[in-house]
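A.B. asks: I'd like to ask some things about the structure below.
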Amino acid sequence: MNTIDNLLPIQNQSINTDDHNNKKTTNSNLDLQNNFLEIFLSQMQNQDPMNPLTNTELTSQLTAINTANGIEKINSNLIELKKQLHNNASFQMSSLIGHGVLFPSSKIYYDSSKNTIFGIDLDKDATSVNTDIIDQNGKIIFSKKIGPLKSGIHDWSWNGINNNGLQVKNGIYKFFVNAKQGDQPVNCSPLTYDNVQSVLTSSEKDTVINVKNFTKEIALKHIRKIF
């Protein structure tokens, strides 16, 4: 954590099985076996007496039914495993609720009751890093030289004091970062901070979080730091 003027340093799961699905799979296996027996008996009753079923043909059919049963059991086990992994991920993600996180955004929310956290993700080392905070009218209200910095994630907190030494109003602001290595620009991503309010998990879609001060959903994979 870096400290600069007006930017302050930041100080049993259980898995339930689905009995209904297990019964459904068992019934499906029994149906498959019964169907095979019915077909087999029909073949025996209607076979050509001059050309009866051989032991090889019988063995082949028995192998086929056993293979089908085995595949169905494997599929059932994979579905159950997927369900358990999803339940485990949901349990772990729910622990994020109430925590602060950093995620990509150039917007920050200032609340006079506490300092506002923001950060950057530098692609490589930078010899100079400068940041500007801008109000809703596009006016620069706070500027500061931060660098040099190593590559990676860096974060700070801002106490809401502008360049004139005055406290700004509560609300949403934007910040921009200019990073360079010598005369060459360094790519960096702005990161904003907010508190996790809820976590939405789905087996079909990416897990997302809802945060307190911004309306958009944030994909879990975009979280850069957890506080």
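A.B. asks: With only Lys, Arg, Asp and Glu charged, each at its Cβ (+1 for the first two, -1 for the last two), find how big the charge dipole of the range 97-226 is about the Cα centre; round to the nearest 20 debye.
C.D. replies: For this selection, approximately 200 debye.
A.B. asks: Pull out the extension gain between Q184 and K139, defined as 0.36 nm times the separation in residues minus the alpha carbon to alpha carbon distance; nm, one decimal.
C.D. replies: Extra length from Q184 to K139 when fully extended: 13.6 nm.
A.B. asks: Then there is this: A 32 angstrom limit on the alpha carbon distance is what I want to check against. Which of K180/K205; K150/K205; K174/K221 exceed it?
C.D. replies: From the list (K180/K205; K150/K205; K174/K221), the Cα-Cα distance tops 32 Å for K180/K205; K150/K205.
A.B. asks: Show the residues, 5+ positions off or on another chain, whose built amide H is closer than 5 Å to the amide H of I146.
C.D. replies: Those qualifying (amide H under 5 Å, at least 5 residues apart or on another chain) are V129, N130, T131.
A.B. asks: Can you order the peptides 159-167, 121-129 by their average number of other Cβ atoms within 10 Å per residue, highest first?
C.D. replies: Descending packing order for the listed peptides: 121-129, 159-167.
A.B. asks: Let me ask something additional. If the chain between L200 and S95 were fully stretched, how many nm would it gain, using 0.36 nm times the residue separation less the Cα-Cα distance?
C.D. replies: Details: separation 105, 0.36 × 105 = 37.80 nm, distance 1.23 nm.
Full extension from L200 to S95 adds 36.6 nm.
Here, each number is a calculation from the coordinates, and none is a lab measurement. Only a predicted model underlies this, so the values are computations on that prediction, with no experimental measurement involved. With ideal geometry, Cβ positions are generated from the backbone for all residues, glycine too; neighbour counts draw on all protein chains shown.
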